[in-house]
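The values are calculated or read from the model by the stated rules, or taken from the named source; none is laboratory data. Just so it is clear, the structure is predicted and the values come from calculations on it, not from any experiment. Cβ placement follows ideal geometry from the backbone for every residue including glycine, while neighbour counts extend to all protein chains displayed.
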Amino acid sequence: MTTVLDRATASRADDPGPRRRRGRRAVVPYALIVPALLFYAVVVLYPTVAGGVYAFTDWNGRRAATFVGLDNFVQLGTDPAPRSALANTLLIAVSTTLLQTLLGLALALALHTSLVSRNVLRTLFFAPALLPPVIIGFLWQYVLTPSGPMNDALSAVGLGALTQNWLGDPSIALASVIGVIIWQNAGLTMVIYLAGLQGVPEELLEAAAIDGAGRWQRLRRVTLPLLVPATTIAMSLTLIGSLKLFDQVYVMTGGGPGYATETLSVVMYKEAFVSGRYGYSTAIALVLTMIVFAFAFVQLRGLRRFEVDA
Amino acid sequence: MSKHSENPTRGTRTARTAAATLVLATTLAGCGFVNTGGGDGSDGGTNGTSGTVTAYVNTEQSAGLAPLVEAFEQETGSTVDVSSATTDELNQQLRVQLTSGTAADLIRVSPGSSSPVAAGVLGRADELADLSDAGWVAELSEDTRSLAEVEGEVVAFPVSRNAIVMAYNREVFERAGVEVPTTWSELLTACEQLSAAGVTPISTPFQGGIYLQFWVYALAATLVYAENPEIDAQMAAGETSFVSDARWNETFARIAQLNDAGYFSDGMLGIPPDQGLQSVATGESAMVLLVSAGLPQLYGYAEGGEEAFDVFALPANEDASSTHVAIAPDFLAVNAEAENPEGARAFLDFLARPENVEAYADEMGVLPGLAVDAELSSDALEPIMPMFDSGRTAGYANYLWPNGDVQQTMLQSGQEWLDGTIDTPALLEQMDAEYARGTS
């Protein structure tokens, strides 16, 4: 009996108990993500935080950085180049977000049919989104030169009066860049909407039709409200991407003619790698990050209010 | 009892943590994220003991150096490991490489203070080795030495010198009955004749602004530097400025005159350089102002190759004998932190031999970097050689400007100026503002 009791006592002493077992089980997942977290911290977090510190210095890449407080941010407020670039960036962001969303929605609605060639057309419209932005930039730089294919094509179909110096005329260069961005990414928005359209219950549309709703009313009262989540995703991705826009602009125009197409990202790049003002450039990067965060946050909060369940 | 049962658990946890840390460290080291400190430079792939010289040069230098690298390796048994990039990319990457201690032994640097990686800028920061005791220093021409020297020390070696020349399509000139102009008014007459013949007189691929700077430097060589060689010292002392100096105003007025007369390409701000050169090769345009290193590219666009073109010095006034040519040395320098400085210096000494100076110039169609007796087989630059031989040359204007932003502003705001958005004084004032920021 004593032996039995001792064994039972010993067994209880070895057994960590259900609470501790649960605790150990809960620790395992966290332990497993530690390597990934460490990797993320080393590759992303540390450089980001360490880089952010340089925004408060005059580091030029050579001599030791000197703390300058908020000088870089004050200069950012008074420098004409970043202010003009900010205006361009916001114009690009707003116009591409709206136009690309509308075009992507229109394409999705047009191709969410039983059209025989719909898959081919979907592929064609989506293909530009798969190409690297730099390739797109070089391609369109060639297409839009004064003697390039765009003007040749317009002349060939009797629209010679519409030929333009697409990238060399400051009054239309920014619009040309916006056009290229929308051309490249409208297919991506279309795919997001096509996925959203798959989630619109057929029975709701049928019920609306039985109740006498026409095509326009079904679109307005049933389809579009149910597409708000897709709109949230599409607009957020477009907005964030266009606020950070760099590759296509740098390749097609370098920010020119003059400063007509300069974005904040282009100014940031030039300040760091052309002029060697890394501290000032980092300040621009911080401001751009805050702008992207603020816009994305406000947009997400705003659009989520309109989301409804099917 | 409970104390006994906790201690082994903590020990196990510590051991596991240590093991995990070790595994992570090993993994990261394997991925190259952690410097294990194992490389002592003694293996065959590193410098120093193996006699390998690393070099980071621009693409033009890489092409010209290739045969000489081979000859050097055969002669010395050492290796020259050359990496290359376009000048723009190189300028952007080199700064980071120097800061992080990963720059090559031999590096391409811009002359003067024209960029954050120019000889003057890096030299003042003690990032370039002093080469003053090299034998070839005696062969430096005066204008080259002024750009290679920092505080009395020579810190750069000129592999070649480029000249800004006007290249023209011979057939187009002949068809229009145009003579090669030697004065400004003759240039205007030639443009008028070409325009009347239905040809764009001057191709101006000003997208990006790079080709605009050639106009400023070429005209300034005659209008500014030939008349007042002390202009840079005066500007540095604050005695004059772009906007207050009549010669600088005249330089930009000349460009405006050609633009206003319609002698430049239509839509010039949207034309990239390669298309501008192609238009001259096809005869759509008659001439283009470019650096001599760009001539091989121009030749490549024409069926007749080099024979289809000739060059002349851009006249800027009515006295043909006062026309100067803008020239620029193309530099290599030895990194002050080079792993194999002796090897790098030996390679420069090898390049400085007269036969190698000649070989490089012939290969690239450029002017010799050193003032040695060189017989060039290419006669592409023959028309400007008399000016070169008689010292009627001037460095590119921007090389002695205090920072690269003056040039950058000239290129960007210059496009607004060409478009008529701003006037000449506004452009020059902007350049003055950047000049006033001092050395970078």
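With respect to (1) away from chain B (no Cβ under 14 Å); (2) surrounded by 18 or more Cβ atoms within 10 Å (Cβ to Cβ); (3) among the hydroxyl-bearing types (Ser, Thr, Tyr); (4) not in a helix (DSSP H, G or I), the lone exception for residue A:114 is condition (2). Meeting the requirement of 3 or more residues that are under 30 Å from residue A:84 (Cα atoms), the helices (runs of 4 or more DSSP H) wholly within region A:178-257 are A:228-243, A:247-252. Restricting B:269, B:289, B:277 to those that are of a type outside the set (Lys, Arg), in a helix (DSSP H, G or I) and closer than 21 Å to residue B:383 by Cβ reduces the list to B:277.
Rundown of residues vs (1) in contact with a strand residue (DSSP E or B) (Cβ under 9 Å, 6 or more places away or on another chain); (2) among the aliphatic types (A, V, I, L, M); (3) surrounded by fewer than 17 Cβ atoms within 10 Å (Cβ to Cβ); (4) touching a residue at least 12 places away in the same chain (Cβ under 8 Å), yes/no style:
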residue	(1), (2), (3), (4)
B:199	yes, yes, no, yes
B:202	yes, yes, no, yes
B:208	no, no, no, yes
B:211	yes, no, no, yes
B:218	yes, yes, no, yes
B:221	yes, yes, no, yes
B:226	yes, yes, no, yes
B:234	no, no, yes, no
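In region A:233-257, how many residues are surrounded by fewer than 24 Cβ atoms within 10 Å (Cβ to Cβ) and within 11 Å of another protein chain (Cβ to nearest Cβ)? So the answer is 3. Do the conditions hold for residue A:170, that is, is it away from chain B (no Cβ under 14 Å), surrounded by 12 or more Cβ atoms within 10 Å (Cβ to Cβ) and either among the acidic types (Asp, Glu) or in contact (Cβ under 8 Å) with a residue 60 or more places away in the chain (or both)? No, not satisfied.
The residue that is surrounded by the most Cβ atoms within 10 Å (Cβ to Cβ), counting only those in region A:138-167 that are under 27 Å from the mean Cα position of the chain (by Cα) and closer than 16 Å to residue B:274 by Cα, is A:167. In region A:287-302 there is no residue that is more than 13 Å from chain B (Cβ to nearest Cβ), in contact with a Leu (Cβ under 7 Å, 6 or more places away or on another chain), surrounded by fewer than 23 Cβ atoms within 10 Å (Cβ to Cβ) and not in a helix (DSSP H, G or I).
To keep it simple, each residue is scored yes or no on (1) assigned by TED's automatic domain parsing to the domain that holds residue B:110; (2) under 26 Å from residue B:154 (Cα atoms); (3) of a type in the set (Phe, Trp, Tyr); (4) crowded, with 22+ Cβ neighbours inside 10 Å.
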residue: B:295; (1), (2), (3), (4): no, no, no, yes
residue: B:305; (1), (2), (3), (4): no, no, no, no
residue: B:312; (1), (2), (3), (4): no, no, yes, no
residue: B:359; (1), (2), (3), (4): yes, yes, no, no
residue: B:364; (1), (2), (3), (4): yes, yes, no, yes
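Of all residues in region B:98-125, those satisfying the criterion of being in contact (Cβ under 8 Å) with a residue 40 or more places away in the chain and at the interface with another protein chain (Cβ under 10 Å from one of its Cβ atoms) are B:98, B:115, B:116, B:121, B:122, B:124. Filtered by the rule that a residue be among the hydroxyl-bearing types (Ser, Thr, Tyr) and either touching an Asp or Glu at 6+ places or on another chain (Cβ under 7 Å) or more than 20 Å from residue B:392 (Cα to Cα) (or both), region B:143-173 gives B:160, B:168.
The set of residues from region B:410-427 being β-branched (Val, Ile, Thr) and more than 8 Å from chain A (Cβ to nearest Cβ) comprises B:422, B:424.
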